[in-house]
Amino acid sequence: MIATNTALDRKANPRVFIVMPTYNRWDEARESLACLLESTYENLKIILVEDGCSDGTAEKCRAEFPDVEILHGNGNLWWSGAINKGVAHALNLGADAIVWLNDDNRVEAGTLSFMVESFKRMGERSIICARTKSTDTGLDEWLGDPPRWHPEFGKWTRPALTAPEVRVEHPPGGRGVLIPTRCFHEIGLVDMKTFPHYWADHDFHYRAIKAGYLYFLSTGALIWNVPNRPRPDAPKEFSLRGSLWFLTNRRSAMNMITLRRLLKRHLPSDAYRATYYSLLWDSLVWLASGIVGHKPLVHKSLRQVRRSFIKKRA
């Protein structure tokens, strides 16, 4: 049974639980945990959900970070299942708020304190997001930006960061977001059946927005994100196999099967069709152009066809 007491005294420091999924990335998870232990916010508990790791994650974490609670999966949790396992456990332990964090995120020492203070100011029907910056470029990655498929993408103006909190309209994803426990009691956990990996976070946020929750960027809260590196077992991007992986694999952010479910669930019918099929077409054109560009023989034959066509017309 999940605990149902969600009363929160704004004058007190709420009990915050960090839920961090990981799978065979101990070096990344270790750095993330080390950063969390430097946090200035003290009423904090960390839950690491390792999904059947074979790199010794559980043993190494237990030895180096004995206060971190470890939950175990069998290798089939994926992101959504791992988040749900950690969140359900945190709710049973009496969490007031839960922060989703990835294992490749580096939380600055004051970030959680900034997020909690924003939460107390904005109230229990608020969800608080941190800014994210890339460790590669040092530039902001997310300040409330719309997702790439959204009509406002490319037209959206980034907010000034002069106030402690800035209202945001677009979901923040799953890294560095503080969610009050009452939100989970109202709308449920992540829909891991429909969205086992990518876009589960956005689906949850859209459901929370529909339930009346307001999203705020805590401008003092900063999380550094380590960009994903190409997987060694991933196929070459501009190949038929790579194109199929890009469009359909569960590990691909542009998995069109999962993205279609998200858009169909949260957009009006006309907007869904216009957005999805335009995105699918653009992806197919981009992949086809890449394949042609990386195949010299195909490129040469196309040039020969063009020349012969010009000669015939002359």
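The values are calculated or read from the model by the stated rules, or taken from the named source; none is laboratory data. As the structure is a computational prediction, the values presented were derived from the model and not from experiment. Cβ sites come from the backbone with ideal geometry, for glycine too, and all protein chains shown count toward neighbours. Only protein heavy atoms, including side chains, enter the accessible area calculation; ligands, DNA and RNA are left aside. Shrake-Rupley method; radii C 1.70, N 1.55, O 1.52, S 1.80 Å.
Largest first, how would LYS60, LYS155, LYS45 line up by accessible area (1.4 Å probe)?
Order by accessible area, largest first: LYS155, LYS60, LYS45.
Which trypsin sites (Lys or Arg not before Pro) in segment 186-244 pass both tests, a DSSP loop state and at most 15 other beta-carbon atoms within 10 Å?
Listed in order of number, the matching sites are LYS193, LYS236.
How high is the FRET efficiency between LYS60 and THR135 when r is their beta carbon distance and R₀ equals 25 Å, given to the nearest 0.05?
Here the calculated transfer efficiency is 0.70.
Given labels modelled 7 Å from the Cα in the Cβ direction, how far is it in nm from ARG167 to ALA12?
Between ARG167 and ALA12, the simple spin-label model gives 3.1 nm.
What's the FRET efficiency of ILE257 with ASP67 using the Cβ-Cβ distance as r and R₀ = 41 Å, to the nearest 0.05?
Calculated value: 0.55.
Taking DSSP loops as anything outside H, G, I, E and B, show the longest stretch in the chain free of GluC sites (Glu not before Pro) there with at most 16 other beta carbons within 10 Å.
With a cap of 16 other Cβ atoms within 10 Å, the longest stretch comes to 43-151.
Report the antiparallel proportion of the DSSP beta bridges in the chain as a percent, rounded to a multiple of 5.
Once the DSSP bridges in the chain are tallied, antiparallel ones form about 40 percent.
Ratio of segment 31-97's C-alpha Rg to 2.2 N^0.38 Å, to two decimals?
Dividing the Cα Rg of segment 31-97 by 2.2 N^0.38 Å gives 1.14.
Expressed as a whole percent, how much of the Cα-Cα distance distribution for segment 1-147 exceeds 23 Å?
Value for segment 1-147 (Cα pairs over 23 Å): 38 percent.
Restricting things to alpha carbons, find the Rg to Rh ratio for segment 213-286 using the Kirkwood radius for Rh.
1.08
Give me the Kirkwood hydrodynamic radius of segment 92-174 in Å, from all C-alpha pairs, to one decimal place?
14.5 Å is the Kirkwood radius here.
So for the chain, averaging the separation of alpha carbon pairs under 8 Å that are six or more residues apart and normalising by length, what relative contact order in percent results?
18
In µm²/s, what is D for the chain at 25 °C and 0.890 mPa s, where D = kT/(6 pi eta Rh) by Stokes-Einstein and Rh is the Kirkwood radius from Cα pairs?
116
Compute the length gained on full extension between ARG265 and ASP27: take 0.36 nm times their separation in residues and subtract their Cα-Cα distance, giving the result in nm to one decimal.
Stretched out fully, the ARG265 to ASP27 stretch lengthens by 82.0 nm.
Just subtract the alpha-carbon distance of LYS45 and ARG125 from 0.36 nm times their residue separation and send over the number in nm, one decimal.
This chain segment gains 26.6 nm when fully extended.
Show that you can apply the helix-only estimate: for the chain, add -39,500 (n - 2.57) for every DSSP H stretch of four or more residues, divide by all residues, and state [θ] at 222 nm to the nearest 500.
Here the helix-only value at 222 nm equals -12500 deg cm²/dmol.
Taking all pairs of distinct Cα atoms, average 1/r, flip it, and tell me the Kirkwood hydrodynamic radius of segment 187-254 in Å to one decimal place.
It is 15.0 Å.
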